[in-house]
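Colleague: The structure that follows is given in the form of C-alpha cells.
Bear in mind that the values in this text are calculations on the coordinates, not laboratory data. Just so we're clear, the structure is a prediction, and the values are computed from it rather than from any experiment. No Cβ is skipped: glycine too gets one built from the backbone with ideal geometry, and neighbour counts run over all protein chains shown.
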Amino acid sequence: MIQSKRPLPPTPGTNTKYKNDNTELLLDKHHGSLTDGERKWYNDIHKSIEQKDSIIANLKTVASEWKKKANEYETAYKETKRLFEEREKFLMKQHEAEIEATTKIQAEQLNESHELILQLEKENMFLRSQLNQFNYLEQSSIQTQSANLNNDMYNQICHTAKRDSEIVNMHTPLSKENSNDLLQRINDMVIIVEGTLHRFKDREGIHSKASFVSLNATPDASNEQAT
C-alpha cells in the first residue's frame, strides 16, 4: 500500500489557507493515539490558528480604534462647522447692524448740515438787508448833510454880500480901487465855495462807489461763511 504524502502546514506569515480532509479525523482522535509526526503537525496547526486569531483580534481592535477616531473627528468637524456657521451669521448680522447705524448717523448729519445751510442763508439775507438799509440811511444822511452845508454856505455868501453892500451904501462912494477890491473878495469867496462843493461831490461819489463794491462783495463773503 502506497501512503500519500501529507502536505506541509502553512507558516503563520503566509496567507495560504491550509485545508486537509483528515483534519476533522485527527481532531476526533485521542491525542494518545497520534504519532509523533501527527502530534507535531497538530501542534503547529494549533499555534498557527492561535496566531491568526491573535492577528485578527488585533486588527479588529485597530479597526475599532480607527473607527472610533473617525467618529470623533467627524463629530469634531461637524461641531467646528456649526460654530463657524454660527460665527459667520453673527458677523453678518453685526456688519449689517453697523452699516444701518452708520447710514442713519450720516443721514442725521446730512439733515443737520442742510438745516445749518438754510439757517446761514437766512442770516445772510438778513445781514444783506441790514447792510442795504444801513447804506441807504448813510447815503441819505450824507446827501442831507451836503445839502444843509450847501445851504449854509449859500446863506453865508448872501449874508456876506449883503453886509458888504450895506457897508458900501453907508459910506461915501468908493473909489475904483476899493470897488475892484470888493469884487475880488467876492470872487475869491465864490471860488472857495465852489471848491468846497466839488470836494463834497467827489467825497459823495467815492462813498457811493465803495458802498456799491461792498454790497457786491457781500454775497461772496456770505457764501464763504456758509461753506
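Colleague: Which FRET efficiency, nearest 0.05, do F84 and L110 yield, Cβ-Cβ r, R0 41 Å? Intermediate results must be reported in sequence, preceding the final value.
Modeller: On the way: r = 38 Å, r/R0 = 0.93.
So, using R0 = 41 Å, E works out to roughly 0.60.
Colleague: Cut-off is 10 Å between beta-carbons; in what order do W41, W66 appear when sorted fewest neighbours first? Numbers along the way, then the final one.
Modeller: Values: W41 19, W66 10.
Fewest to most other Cβ atoms nearby, the residues stand as W66, W41.
Colleague: Here is a follow-up. List L120, L183 from most exposed to least, where exposure is judged by having the fewest other Cβ atoms within 10 Å.
Modeller: Values: L120 15, L183 11.
The order, fewest Cβ neighbours first, is L183, L120.
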